[in-house]
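Here the structure comes first, spelled out in structure tokens, and everything after it is commentary.
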């Protein structure tokens, strides 16, 4: 097992990893930029080091800082968390070359799954369900229109090297395709330093269902069921649950097992999540594989009782799945997670400022990187906390989550707390009738209703 691990991240995920390391009696090394000086997660680490200015490229994305820190602290492991350098294959290689273990899949797997079209090709080659799509396309409008016609409008234009919904745009016809492709390519270049784009068929009102996998160094892989992450704004998740509600779990279990067997055969070697879209007809379409811990890992932990961060670290240390996981993994009850953001929920735009009041609810799982008096800056993702409720039934989990969000006191920045409550009480969500376009539909309906009520008053 490891002696000392650098946590190459910040906020809620840094706090989560440090907690797991403390429970495993492994020393932790935290890092912080100028913007995160005094952040609560630093108090719980065994060591903490300043790594530079607030801007991510000069701190959390600066590979040289972490390589130097490996030598300085004599750490034998580095956990990247999620975001920042978590899916950077070159960084993973450099960590390994400098005598520490990168706690995640091997660099070759990060490479293989990090490029979306190559990942699609690998999935298709191995019998996984893949929807219609194109290869990498240049900005040749004739070629793009040719593939778009073959795929069928509307089409989704996606960056080949991206993630997080950045640069994803929809085109409904050939004229719109030309404009949107140029815009998507520009966004991809700015976000990922790679302007490559490709096309996929745009599914109407699909569900976003993903599958949690865990592998070991022998290449064996097991699954830990499914999650539904359909409630999104700007292609980014805000409410996730396990298991997928109102779904045919016989079908999701069969796909989960097929994924585990496929990636076992291919030799996948650590944590990973396969993301799919499920059409209204119930067909699955492979999207991508995230070669890292997911933000929403907590809902899977809640229903299985398995600490995924601990399991990921054990796997990276060379332990086999037989020693990490129980012989039979069962799913008990239902879990729902709400991401609390500092943002104006009318337009879902980030909000910055000092947290004059910040009092998370008690008696429920809350993961956060903030404390009262701390500033929310514009430099990073504006997520303040994750609130995770587990219940015997889905309805019980929803009620617990609603009560917790009602108790959450935040002043000093705008938040999406009201929006989360509106979504959780929406008729469609209560019935499990979810899809990736539900958030704007519910919020638009609520805004119309609010205006109408105000007009009557």
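Shape class of the stretch 130-201 from the alpha-carbon gyration tensor: prolate, with a/c at 1.5 or above and a/b greater than b/c. Note on the stretch 207-449: semi-axes of the ellipsoid equivalent to its C-alpha gyration tensor, largest first and rounded to whole Å, are 31, 21, 16. Volume per residue of the convex hull around the Cα atoms, evaluated for the stretch 45-157, comes out as 163 Å³.
Based solely on its DSSP helices, what 222 nm [θ] is calculated for the chain when runs of n ≥ 4 H residues each add -39,500 (n - 2.57) and the sum is averaged over all residues, nearest 500 deg cm²/dmol? Calculated at 222 nm, the ellipticity per residue is -11000 deg cm²/dmol.
Altogether, the Stokes-Einstein calculation at 37 °C and 0.692 mPa s, with the Kirkwood radius of the stretch 4-103 over Cα pairs as Rh, returns a diffusion coefficient of 251 µm²/s. The residue 179 and residue 138 beta-carbon pair, evaluated with R₀ = 22 Å, returns a calculated FRET efficiency of approximately 0.85. Which shape class, rounded, prolate or oblate, goes with the stretch 227-308 when its Cα gyration tensor gives a ≥ b ≥ c as root eigenvalues, a/c under 1.5 marks rounded, and past that a/b bigger than b/c marks prolate? In terms of gyration-tensor shape, rounded.
Inter-label distance, residue 46 to residue 281: 5.6 nm, where each label sits 7 Å from its Cα along the C-beta direction.
Using only the Cα atoms of the chain, build the gyration tensor, take square roots of its eigenvalues as a ≥ b ≥ c, and label the shape rounded, prolate or oblate: rounded if a/c is under 1.5, else prolate if a/b is larger than b/c, else oblate. Rounded. This ranking places 319, 278, 180 by how few other beta-carbon atoms lie within 10 Å of each, fewest first, which gives 319, 180, 278.
The peptide list 405-415, 106-116, put in order of mean Cβ contacts within 10 Å with the highest first, becomes 106-116, 405-415.
In terms of surrounding Cβ atoms within a 10 Å radius of their Cβ, 300, 330, 252 rank from fewest to most as 330, 252, 300.
Legend: ranking of residues 235, 201 from fewest to most surrounding C-beta atoms inside 10 Å; resulting order 235, 201.
Rg/Rh for the stretch 272-382 stands at 1.04; both radii use Cα atoms, and Rh follows the Kirkwood definition.
Read-outs throughout are calculated quantities, based only on the coordinates presented, and are distinct from any laboratory measurement. Given the structure is predicted, the values throughout are model-derived calculations rather than measurements. When we count neighbours, we look across all protein chains shown, and the Cβ atoms used for this are built from the backbone with ideal geometry, even at glycine.
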